[in-house]
Amino acid sequence: MLATGALALTALAFAHVRSAPEDGIVAPIPTLTQPSDQTASPSPTPTETTAPAYDRSQERFLAAASDIIWRGVAGQCGSVEPLLERSSDGGVTWTDVTPRYLGIGQLITLLPFADGQAEIVAAMGDNCDVQALRTFTQGQFWESYPEVLAASQYVDPADPASIVRPTGVMAAPCVDARSLRNAGAVLALVCEDVAYVLGEDAEWVALAATAATALAVDATDVVVAHRSDGCTGVALTRYTDADPQAAQDAGCFADAAAPLALAASAAGVTLWSGETVVTQ
């Protein structure tokens with residue numbers, strides 16, 4: 001009997017070894033889950049997102065020098081085509097000079113350049129690489145100038161809360177800066193309907209003009225376009241020497257509305273609103 005029992009145990013052990021997986025890992029014993037009264041965990045509630053208050057693709061740029069005026073609409077790299085135009089008759093007629101042949105994707109800055117020419121900072125090519133370009137042929141041909149880009153100041157198109165400067169990147173006074181303009185040592189921009197100038201201590205200083213929509217830098221002055229109870233369209237306030245305490249009324253453009261752009265030159269202040277470009 002003992003021998004028979006030993007043989008039976010040996011046979012069972014041998015059968016168990018033969019049924020194990022070849023890799024030596026024994027599969028776990030399956031378990032059955034009984035139904036319960038518990039309900040499934042609710043799906044996470046989607047987080048509400050707030051759409052940007054400012055459509056950067058519609059940002060406008062304007063540069064004027066006597067009868068030569070340049071204007072542009074930013075576009076958005078990869079989705080909305082930018083537009084760049086030039087007028088040699090004070091804004092009566094316009095020529096499309098957008099450098100599409102170079103793969104421009106987004107206009108970031110527009111500045112007048114020597115003898116009625118212009119320079120731009122733009123996102124270029126499939127990778128939206130930021131470049132500075134100049135034209136010496138009234139916009140027919142453009143060429144990239146890395147040294148000009150290194151000296152440029154502009155809102156970072158990938159992060160509008162950051163301002164790119166020759167000295168490095170600095171924070172804007174809000175998360176969605178726009179209408180950045182500079183001349184010499186003067187740097188100004190619009191953030192959340194407030195115009196700011198950069199002080200000598202590298203701190204942003206707010207200007208008092210309410211509901212600002214755009215601005216221009218005229219030598220050392222800052223001219224701000226804003227809404228005002230005393231103007232049915234867009235009022236202008238000039239801050240002499242970019243001094244927040246030196247504000248003076250600079251006129252009113254009736255019936256003007258955003259999006260718009262300003263430019264200042266010896267001929268006066270030029271405003272582009274809707275399809276109208278007017279200088280006063």
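List of remarks:
- Computed lengthening from residue 100 to residue 279, 0.36 nm per intervening residue step minus Cα-Cα distance: 61.5 nm
- Rg to Rh quotient for the range 129-189, alpha carbon positions, Kirkwood Rh: 1.01
- Inter-label distance for residue 169 and residue 126, nm, one decimal - labels placed 7 Å from Cα along Cα-to-Cβ: 2.5 nm
- Counting Lys and Arg as +1 and Asp and Glu as -1 over every other residue whose Cβ lies under 12 Å from the Cβ of residue 154, the net charge comes to -1.
- Cα-Cα P(r), the range 185-280, percent of pairs per 5 Å interval: 3, 15, 27, 26, 18, 8, 2, 0
- Our coupling estimate for the range 101-110, obtained by passing each phi through the Karplus curve with A = 6.51, B = -1.76, C = 1.60 and θ = phi - 60°, is 5, 9, x, 5, x, 7, 8, 10, 9, 9 Hz, Gly and Pro reported as x.
- Three-way shape label, the range 54-152, alpha-carbon gyration tensor, a/c 1.5: oblate
Throughout, read-outs are computed from the coordinates displayed, never taken from laboratory work. Predicted, not measured: the structure shown is a model, and the values here were computed from it. Glycine also receives a Cβ, built like all others from the backbone with ideal geometry; neighbour counts cover every protein chain displayed.
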